[in-house]
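Heads up, the thing below is written out as structure tokens.
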Amino acid sequence: MSIAQVNGEDLDNLQTAFSTFIYQILSETESPQRFSFSDKFNLEFEDNTHIIFETGDSECLFIGPLSYRPGDSSESIEIYIQFGLTVRAKDLEDRRCYEVVKSATEVVYLRIKENEEGEEYRERAQGLHFDFDITPDHELDGEYANHPVFHAQYNPNCVDTSAIDRWDPETHNTSYPDYPRIPCAPFDFVSVIYMIMNDHLPKEVRKNKGWPQNVLHEYLPRFPREPFELAPADNLRMTPEWWYLFPSRNEDGSPRLRPDHHRPL
């Protein structure tokens with residue numbers, strides 16, 4: 001399997017995969033679908049072997065409102081996501097696939113509150129930044145030597161507030177440190193969606209035995225094998241789904257997660 005040059009057909013394949021994923025997730029979470037794909041996202045060539053997919057300037061993916069705790073309607077949240085992915089193409093024996101070689105994903109949670117007049121407003125609750133990067137071997141002796149391949153950082157300010165509807169935030173003077181870089185499960189924006197669904201819509205995840213049907217399109221980029229090559233052979237399928245207990249096995253030994261409902265490497 002070798003890295004391939006990318007062309008217009010690859011842009012079409014990736015747009016189909018990303019739009020299928022995003023619109024089905026918005027439907028599954030009952031989130032508003034008030035925009036066209038091209039309004040919110042940019043998909044373009046970086047060079048002859050890489051494609052960049054990212055949220056547009058002052059744009060974000062909006063999910064919600066959702067119950068903060070499943071089954072408890074006393075507190076609701078909205079979730080805003082900005083991200084960027086660098087993708088490469090590889091040719092298998094029977095088809096072309098795509099791999100994420102670099103990603104950054106920012107997630108901010110806002111609580112939905114009411115003032116004394118009964119008017120809604122938003123209050124910053126939490127913010128997280130997730131990074132993934134495959135570093136060339138020649139850089140490992142430099143600043144990347146202690147840089148976790150997959151890591152998360154706390155930052156309630158990470159999403160550009162101009163991308164958030166119905167929220168005019170008051171000045172936020174608190175400065176949050178960039179560190180620590182916390183090693184974490186394999187994360188990009190697709191993985192973040194899976195985390196959100198397990199946290200706030202666990203019944204839907206269990207009902208679907210993982211991802212909702214037809215969400216993981218065949219051209220949706222996967223993680224490359226390089227970060228997992230030193231892991232034991234039976235852990236090579238260490239995708240975000242495998243970090244949750246429920247996808248293990250039933251008492252009879254059968255997989256509790258549908259075999260086709262995980263994200264392949």
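We did not get these values from a lab; they are worked out from the coordinates using the rules stated. Fair warning: this is a prediction, and the values are worked out from it, not measured in the lab. FYI the Cβ positions are ideal-geometry reconstructions off the backbone, even for glycines, and counts take in every protein chain you see.
Would you grab the residues whose amide H sits under 5 Å from the one on Tyr121? Only those 5+ places off in sequence or on another chain, please, with H modelled 1.01 Å from N.
Lys113, Glu114, Asn115
Size of the dipole of the range 17-131 about the Cα centre, Lys and Arg at +1 and Asp and Glu at -1 on the beta carbon, nothing else charged, in debye to 20? Please list the in-between numbers first.
Numbers: 12 positive and 24 negative charges, 68 e Å.
Computed charge dipole of the range 17-131: roughly 320 debye.
If you take the charge dipole of the range 1-154 about its Cα centre, with +1 on Lys and Arg Cβ and -1 on Asp and Glu Cβ, which of Gln82, Gly118, Leu61 is farthest toward its positive end?
The listed residue farthest towards the positive side: Gly118.
For Gln126, enumerate residues with amide H under 5 Å from its amide H, sequence gap 5+ or separate chain, H modeled in the peptide plane.
Tyr109
Give the relative contact order (percent, whole number) for the range 1-143; include only Cα pairs under 8 Å separated by 6+ residues.
Once normalised by length, the contact order is 18 percent.
Between Ile52 and Glu123, how high is the FRET efficiency from 1/(1 + (r/R0)^6) when r is the Cβ-Cβ distance and R₀ = 35 Å? Nearest 0.05. Provide the component values of the computation, followed by the final result.
On the way: r = 33 Å, r/R0 = 0.95.
That pair, Ile52 with Glu123, gives E of 0.60.
Only Lys, Arg, Asp and Glu count, each charged at its Cβ (+1, +1, -1, -1), so figure out the dipole size of the range 69-110 about its Cα centre, rounded to 20 debye. Don't jump to the answer; show the numbers that get you there.
Numbers: 6 positive and 8 negative charges, 51 e Å.
So the magnitude is around 240 debye.
Sketch the reach of a paramagnetic label on Arg96 as a point 7 Å from Cα along Cα-to-Cβ, and name the residues of the range 25-44 whose backbone nitrogen lies under 17 Å away.
Only 43-44 fall inside the zone, counting backbone N under 17 Å.
Between Glu9 and Asn42, what is the FRET efficiency for a Förster distance of 25 Å, r being their Cβ-Cβ separation, to the nearest 0.05?
Values: r = 18 Å, r/R0 = 0.73.
Given R0 = 25 Å and the Cβ-Cβ separation, E is 0.85.
Taking a threshold of 29 Å on the Cα-Cα distance, which of the pairs Lys40/Lys102; Lys113/Lys203; Lys102/Lys207 fall above it? Intermediate values should be presented prior to the final figure.
Working: Lys40/Lys102 20 Å; Lys113/Lys203 25 Å; Lys102/Lys207 32 Å.
Result: Lys102/Lys207 exceed 29 Å.
Provide, for q = 0.12, 0.20, 0.21 Å⁻¹, the log10 of I(q)/I(0) from a solvent-free Debye sum over equal Cα point scatterers in the range 38-158.
Per q value, in the given order, log10 I(q)/I(0) is -0.64, -1.17, -1.22.
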